[in-house]
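Engineer: Right, I'll just put the structure down here and ask away after.
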Amino acid sequence: MKCRKCGGAAVLELRRHNVAFCAPDFLEFFRKQVSEAVRRHRMFTRDEAVLLAVSGGKDSLALWDVLIEAGYKTTGLYLDLGIYDYSKESHAKCEAFAADRGAALLTVSVEQEVGAPIPEVRAVTRRPTCSACGLSKRYLMNKAALDHGFPVVATGHNLDDEAATLFGSVLHWQTEPLARQSPALPSTHPKLVRRVKPLYRLSELETAAYAFLRGIDYIVEECPFARGATSLMHKEILNRLEEASPGAKHNFLYGFLEKARPAFERVAEVELHECARCGQVTTGTVCAFCKLADQVKRAR
Amino acid sequence: MKVVLRHPKREVEVVGRRRVKDLLKELDILPGTVLVIRGSELLTTDAMVGEDDVIEVRPVISGGGA
């Protein structure tokens, strides 16, 4: 297989674009997709301090690498979920990455903030593990950004993540999540920072290839609680569609963002309040994070 | 050739030269869901792999998330 740009030996075929690239041309393609995402959705400028949530996995570390190379002011945020060796190893990967590049890394412990590490939260709540974990992560990312004065949080969600989330929301016609699903969510309250996903134009295969070709030492092992997660089942279904019809995931996500999302956004305007307990933003009186922490406290 | 698979990490022996796409088909793996690695090289699906190769088939799918 030959590189579409230079005719050299290709290392990666991108069937949805009907091209193959050699390593240098693929890396250039990847960086351009990130800068196009940042530009198109006005995610952040070079003068803004960006808090980047890093897990030690391929996506967040690939994104951090691109943003550092492009001269953005980034600080990593590692949320220590307390998931046995998996968390220890992923934290070590983030620390090594940051140390190599002289980048700043903040660490927040879920155990300290929620009252128990994720395996214990899992045991005492009836929520699916990924749901309690996701809720905690979103809350703590926003809180860390506010506490340290960052106007924006970036995450490493890729095209596959976004397509799978969309698929799940559509299956249940969850209109509020559909209205909120976007590569860039503006701050709609003084205590809610902007949230952006600069990798939404790139597939998991592409982020993994970028990380590999850049020699990034990321955690390949999966979270032990991810097995059986609904989002993985949705990814598998979408990957089967993609195999039969390259570009299916891309068209599904981009079509939604361009044509369908504005309709959901119009009907889903909600009023935001400050949580009576912690002061963070919620649609109710007490936020879901405080309710989760209460549940953990009662069970201990 | 030796093929290293993940989740869980394990090795299988595969006999004979073939293209990466045929290897993945035999292993029942969708090509868009893995990196196929030989040493420091990424292989495309039309690349030939042979007897003395050690091939890592590394999944790219991250799980979980709410």
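Engineer: Between A:Val54, A:Val50, which is buried (at least 17 other Cβ atoms within 10 Å of the Cβ), more than 28 Å from A:Pro119 (Cβ to Cβ) and either touching a Lys or Arg at 6+ places or on another chain (Cβ under 8 Å) or of a type in the set (A, V, I, L, M) (or both)?
Structural biologist: Values: A:Val54 fails: more than 28 Å from A:Pro119 (Cβ to Cβ).
Exactly one residue qualifies, and that residue is A:Val50.
Engineer: Working carefully through the options A:Glu221, A:Glu204, A:Glu176, find the one that is in contact (Cβ under 8 Å) with a residue 40 or more places away in the chain, over 15 Å from the mean Cα position of the chain (by Cα) and at the interface with chain B (Cβ under 10 Å from one of its Cβ atoms).
Structural biologist: Numbers: A:Glu204 fails: over 15 Å from the mean Cα position of the chain (by Cα); A:Glu176 fails: at the interface with chain B (Cβ under 10 Å from one of its Cβ atoms).
One residue alone meets the criteria, A:Glu221.
Engineer: Let me ask another. Tell me yes or no: at least one residue of the range B:8-20 is within 12 Å of chain A (Cβ to nearest Cβ) and either loosely packed, with under 12 Cβ neighbours inside 10 Å or touching a Gly at 6+ places or on another chain (Cβ under 7 Å) (or both).
Structural biologist: Of all residues in the range B:8-20, those within 12 Å of chain A (Cβ to nearest Cβ) come to B:8-9, B:19-20.
With either loosely packed, with under 12 Cβ neighbours inside 10 Å or touching a Gly at 6+ places or on another chain (Cβ under 7 Å) (or both) added as a condition, the list becomes B:8-9.
Yes: the range B:8-20 contains one or more residues that are within 12 Å of chain A (Cβ to nearest Cβ) and either loosely packed, with under 12 Cβ neighbours inside 10 Å or touching a Gly at 6+ places or on another chain (Cβ under 7 Å) (or both).
Engineer: Only one of (1) closer than 12 Å to A:Thr207 by Cβ; (2) surrounded by fewer than 24 Cβ atoms within 10 Å (Cβ to Cβ); (3) in contact with a Ser or Thr (Cβ under 9 Å, 6 or more places away or on another chain); (4) not hydrophobic (A, V, I, L, M, F, W, C) is not met by A:His41, so which one is it?
Structural biologist: So A:His41 meets the others, but not (1).
Engineer: Looking at the range A:244-261 only, could you name the residues that are in contact with a helix residue (DSSP H, G or I) (Cβ under 6 Å, 6 or more places away or on another chain), assigned to a helix (DSSP H, G or I) and surrounded by fewer than 16 Cβ atoms within 10 Å (Cβ to Cβ)? Explain how you work it out, then say what you get.
Structural biologist: Step one: filter the range A:244-261 for residues in contact with a helix residue (DSSP H, G or I) (Cβ under 6 Å, 6 or more places away or on another chain), giving A:246-250, A:252-253, A:256.
Going one step further and asking which of them are assigned to a helix (DSSP H, G or I), we end up with A:248-250, A:252-253, A:256.
Within the range A:244-261, no residue meets the criteria.
Engineer: Say whether the condition of being among the β-branched types (Val, Ile, Thr), touching a helix residue (DSSP H, G or I) at 6+ places or on another chain (Cβ under 6 Å) and modelled with pLDDT of 95 or more is met by at least one residue in the range A:58-69. Outline the logic, then answer.
Structural biologist: First pass over the range A:58-69, keeping only residues among the β-branched types (Val, Ile, Thr): A:66, A:68.
Subset that is touching a helix residue (DSSP H, G or I) at 6+ places or on another chain (Cβ under 6 Å): A:66, A:68.
Still in the list and also modelled with pLDDT of 95 or more: A:66, A:68.
Yes, the range A:58-69 has at least one match.
Engineer: Taking the range A:1-26 as the region of interest, how many residues are surrounded by 19 or more Cβ atoms within 10 Å (Cβ to Cβ) and either aliphatic (A, V, I, L, M) or closer than 30 Å to A:Val193 by Cβ (or both)?
Structural biologist: 6
Engineer: Give me the strands (runs of 3 or more DSSP E) completely within chain B, filtered to those with at least 2 residues that are of a type outside the set (Asp, Glu) and under 11 Å from the mean Cα position of the chain (by Cα), ordered by residue number.
Structural biologist: Values: elements: B:2-5, B:10-13, B:34-38, B:54-59.
Of the strands (runs of 3 or more DSSP E) lying wholly inside chain B, those with at least 2 residues that are of a type outside the set (Asp, Glu) and under 11 Å from the mean Cα position of the chain (by Cα) span B:2-5, B:34-38, B:54-59.
Engineer: Pull up the range B:41-59, narrow it to residues that are within 28 Å of A:Pro224 (Cα to Cα) and of a type outside the set (Val, Ile, Thr), then point me to the one that is farthest from the other protein chains (Cβ to nearest Cβ). It would help to see each step written out before you state the result.
Structural biologist: Within the range B:41-59, the subset within 28 Å of A:Pro224 (Cα to Cα) is B:42, B:54-59.
Those still in the list that are of a type outside the set (Val, Ile, Thr) too: B:42, B:56, B:58-59.
Numbers: B:Leu42: 4, B:Glu56: 10, B:Arg58: 6, B:Pro59: 8 Å.
Looking at residues that are within 28 Å of A:Pro224 (Cα to Cα) and of a type outside the set (Val, Ile, Thr), I get B:Glu56.
Engineer: Which residues, taken from the range A:99-122, are without any contact (Cβ under 8 Å) to a residue 40 or more places away in the chain and aliphatic (A, V, I, L, M)?
Structural biologist: Passing the criteria: A:Ala99, A:Ala103, A:Ala104, A:Val108, A:Val110.
Engineer: Let me ask something else about it. Just one of the numbered conditions (1) surrounded by fewer than 15 Cβ atoms within 10 Å (Cβ to Cβ); (2) farther than 15 Å from A:Phe212 by Cα is not true of B:Asp53; which one?
Structural biologist: Every listed condition holds for B:Asp53 apart from (1).
Engineer: In addition: Out of all the residues in the range A:281-300, which are in contact (Cβ under 8 Å) with a residue 40 or more places away in the chain, surrounded by 16 or more Cβ atoms within 10 Å (Cβ to Cβ) and either among the acidic types (Asp, Glu) or closer than 23 Å to A:Arg126 by Cβ (or both)?
Structural biologist: Within the range A:281-300, A:Cys287, A:Ala288, A:Phe289, A:Leu292, A:Ala293, A:Gln295, A:Val296 meet the criteria.
Engineer: Being among the polar types (S, T, N, Q) and out of contact with any Lys or Arg (no Cβ under 9 Å at 6 or more places or on another chain) is the filter; apply it to the range A:250-284 and report the residue that is nearest to A:Pro119 (Cα to Cα). If you could, list the steps in order and put the result at the bottom.
Structural biologist: First pass over the range A:250-284, keeping only residues among the polar types (S, T, N, Q): A:251, A:280, A:282-283.
Among the residues that remain, those that are also out of contact with any Lys or Arg (no Cβ under 9 Å at 6 or more places or on another chain) are: A:282-283.
Details: A:Thr282: 25, A:Thr283: 27 Å.
Within the range A:250-284, the match that is nearest to A:Pro119 (Cα to Cα) is A:Thr282.
Engineer: Which residues, taken from the range A:236-283, are in contact with an Asp or Glu (Cβ under 6 Å, 6 or more places away or on another chain) and either at pLDDT 95 or above or at positive phi (or both)? Walk me through it before giving the result.
Structural biologist: Start the filter on the range A:236-283 by keeping residues that are in contact with an Asp or Glu (Cβ under 6 Å, 6 or more places away or on another chain), which leaves A:248-249, A:253, A:268.
Hits for the range A:236-283 are A:Ala248, A:Lys249, A:Leu253.
Engineer: Also, I was wondering about something else. Quick check on A:Leu81: is it modelled with pLDDT of 95 or more and farther than 29 Å from B:Val36 by Cα? Working first, answer last.
Structural biologist: Numbers: modelled with pLDDT of 95 or more: yes; farther than 29 Å from B:Val36 by Cα: yes.
Spelling it out, A:Leu81 is indeed modelled with pLDDT of 95 or more and farther than 29 Å from B:Val36 by Cα.
Engineer: Right, another one. Output yes when any residue across the range A:133-143 is surrounded by fewer than 17 Cβ atoms within 10 Å (Cβ to Cβ), away from chain B (no Cβ under 14 Å) and modelled with pLDDT of 95 or more, and no when none is. Even if it seems obvious, please write down each step before you answer.
Structural biologist: In the first step, residues of the range A:133-143 are kept if they are surrounded by fewer than 17 Cβ atoms within 10 Å (Cβ to Cβ); the result is A:134.
Those left that are additionally away from chain B (no Cβ under 14 Å): none.
No, the conditions are met nowhere in the range A:133-143.
The values are calculated or read from the model by the stated rules, or taken from the named source; none is laboratory data. Being a predicted model, the structure only gives us computed values, none of them experimental. Note that each Cβ is placed from the backbone with ideal geometry, even for glycine, and that neighbours are counted across all protein chains shown.
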